[in-house]
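The values are calculated or read from the model by the stated rules, or taken from the named source; none is laboratory data. Values in this document were obtained by computation on a predicted structure and should not be read as measured data. Neighbour counts are summed over all protein chains in view; Cβ atoms, including those assigned to glycine, are modelled from backbone coordinates with ideal geometry. Surface accessibility is based on the protein's heavy atoms, side chains included, excluding ligands, DNA and RNA. Shrake-Rupley method; radii C 1.70, N 1.55, O 1.52, S 1.80 Å.
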Amino acid sequence: MPFALARPAHHELVVKKSRFIACVESVSGREAAVARVTQLKAEHPDAAHVCWALMAGGQSAANDDGEPGGTAGRPMLEVLRHQDLEGVMASVVRYFGGVKLGAGGLVRAYTDAVAQALLTAQKVALIPQAHLACSLPYALEGWVRRELEQAQAQLTGVTHGHLVGMAFELPEAQVAALKERLNEGGRGQLLWLDEDHRA
């Protein structure tokens, strides 16, 4: 099961006078990651490099930002892959300390900075959600609301017209049992609308 991060986590590492400031955080995709890198570069104008890696929406990206090829972004991406994370970006701001670390030293520094930040990160399981909608007579509205609350479904919208329209979401694993209860209790008076079983 994939995980997301509850909030950003940070770690700072100093290797031979070079500072490596790591951050792992949730992002929606590549566009958000690029915007975050731009922000980091503005916050750290004297930094030598702002390297990053991304795992979001089934896509991955890695950027060495001027470090020797494969010594920063790719190792950071490998750390994220081993954590089973989704919608997450790792960034490391490097202030050069005047001593070259060599390719192996850079790989270790970038890997360690991200791994240490992840040790303090709070992970949250990503549970696939189903989005459902139904219409029903006014007489059933209170009962359906109670059933949704008992099933810990999140009511996302209600409309009142000729019938009551309700939209809600809940974990996919609970859909069948809830629909069965509502169909039985509603005695066929609930009409299920266009259903989307994706998160």
> Cα convex hull of the chain: how many Å³ per residue?
Replying inline: 129 Å³
> Under a 1.4 Å probe, what is the accessible area of the chain per residue, stated in Å²?
Replying inline: 54 Å²
> For Gln154 and Val99, what is the calculated FRET efficiency with R₀ set at 35 Å and r taken between the beta-carbons, to the nearest 0.05?
Replying inline: 0.05
> Per the 1.4 Å probe, what fraction of the accessible area of the chain, in percent, lies on carbon and sulfur atoms?
Replying inline: 52 percent
> So how much slack lies between Trp192 and Thr38, counting 0.36 nm per residue of separation and subtracting their Cα-Cα distance, in nm?
Replying inline: 50.9 nm
>> Students often forget the sequence filter, so: which lysines lie under 21 Å Cα-Cα from Lys41 once same-chain residues fewer than 8 apart are removed?
In response: Lys17
>> Please enumerate, by chain and number, the lysines with C-alpha under 20 Å from the C-alpha of Lys16, excluding those fewer than 8 residues away in the same chain.
In response: Lys100
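Largest first, what is the accessible-area ranking of Glu147, Glu86 with a 1.4 Å probe?
From most accessible down to least: Glu86, Glu147.
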> In square nanometres, what is the average projected area of the Cα convex hull of the range 1-81?
Replying inline: 5.9 nm²
> How high is the relative contact order of the chain, in percent, counting Cα pairs under 8 Å that sit 6 or more residues apart?
Replying inline: 24 percent
> Considering the chain as a Gaussian network with a 10 Å cut-off on Cα pairs, which listed residue, Pro128, Pro68, Pro137, attains the greatest mean-square fluctuation?
Replying inline: Pro137
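Taking all protein chains together and a probe of 1.4 Å, list Val124, Val27, Val14 from the most accessible to the least accessible. Can you show the working numbers first?
Numbers: Val124 65, Val27 20, Val14 95 Å².
Highest to lowest solvent-accessible surface, that is Val14, Val124, Val27.
Rg(Cα) of the range 112-199 divided by 2.2 N^0.38 Å? Before the final figure, lay out each step's value.
Values: Rg = 17.4 Å, N = 88, 2.2 N^0.38 = 12.1 Å.
Against the empirical 2.2 N^0.38 Å value, I get 1.44 for the range 112-199.
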